[in-house]
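Throughout, read-outs are computed from the coordinates displayed, never taken from laboratory work. Worth saying up front: this structure is predicted, and the values here are computed from it rather than measured. Cβ placement follows ideal geometry from the backbone for every residue including glycine, while neighbour counts extend to all protein chains displayed.
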Ligand SMILES: [Zn+2]
């Protein structure tokens, strides 16, 4: 029997989000306030206008959404104060959707003086931040958020794939140095079609003997999703794969992922917005659950793409006829593959279980 639940019930259940980009979850009000403070011109003057602007970019092309839309937001996240504020509000966003644990990712490079997004703020004479300063600013905001909203988070530092390999190594070295500031993992993000995962194998190798978890965006877009997923697993030794859209078609990869207890962070609503899938059922989540793959459902870029994690679950449940049993399993998979020590994973699983048994 399927126990169906509505959106309000999904919202009330405790949730875990393992794949959430900081720059993809800045609310329109904050974007407007930061733009005013920094005297940066935006294409709209109020929150409704800004939402419309993002909706229009989404409907036009993914490329434009990423370069123009995300570019505008990232340009505002170029000082420690602004980064901390966005990170603090990210924890508020998690709390409002009843997310009890979130792993928040961002590419430190885009917030340094070397990035093309740097230099738009009114005080453009300030030196850009170093990788460690970027991570420290985000960590400060998340910690303040934890105190005020009671939600625990972990930081995932992304290597943006277009960088040269040496630069990727430097980012990962900074991430490892910042473990005490809450870094729990590294990720490989951005243009998968042009830059295959092996480009950054040195950076990933640097973490093989560390406490840092490894996740890789693979199988999201481009001509080589199978090869990229396999490389992420076998060369980058990914603990988790992000997106993995065509995974269900490849039984050998399913076996590899299941046998190595690799987590699969799927983001169905994001895949629909970007147009990489036409329907949620294409992801074959039910098959992956049946095959005992540790698949989870995550948000990716909720505010900019226009949904919440609860929306994502609720729509998935409706389209794929999932009930509470499947949702509980997806959440326990997230708890089990979180970049936490065993006691942290266990405590998340207990909180999830308690909610489903009450
Ligand atoms: Zn992502």
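What to note about this one:
- A full extension of the chain between residue 325 and residue 29 corresponds to an added length of 102.9 nm, given 0.36 nm per residue minus the alpha carbon distance.
- Tensor-based shape of the stretch 243-358 (alpha-carbon gyration tensor, a/c under 1.5 rounded, otherwise prolate or oblate): oblate
- Length released on extending from residue 251 to residue 40, taking residue separation times 0.36 nm less the Cα-Cα span: 71.0 nm
- In this rough spin-label picture, where each label sits 7 Å from Cα along the Cβ direction, the residue 350-residue 62 distance is 4.1 nm.
- Highest mean first, the peptides 13-21, 97-105, 290-298, 205-213 sorted by other C-beta atoms within 10 Å per residue fall in the order 13-21, 97-105, 290-298, 205-213.
- Distance between modelled label sites at residue 55 and residue 258, nm, 7 Å Cα→Cβ extension: 4.2
- Rg/Rg_globular for the chain, with Rg_globular taken as 2.2 N^0.38 Å and Rg from C-alpha atoms: 0.93
- By the count of other C-beta atoms within 10 Å, a proxy for reagent exposure, 220, 33 are ordered fewest to most as 33, 220.
- Once the chain from residue 132 to residue 357 is taken as fully extended at 0.36 nm per residue, the excess over their C-alpha distance is 76.7 nm.
- Only helical runs count toward this figure. For the chain, summing -39,500 (n - 2.57) over DSSP H runs of n ≥ 4 and dividing by all residues gives -14000 deg cm²/dmol at 222 nm.
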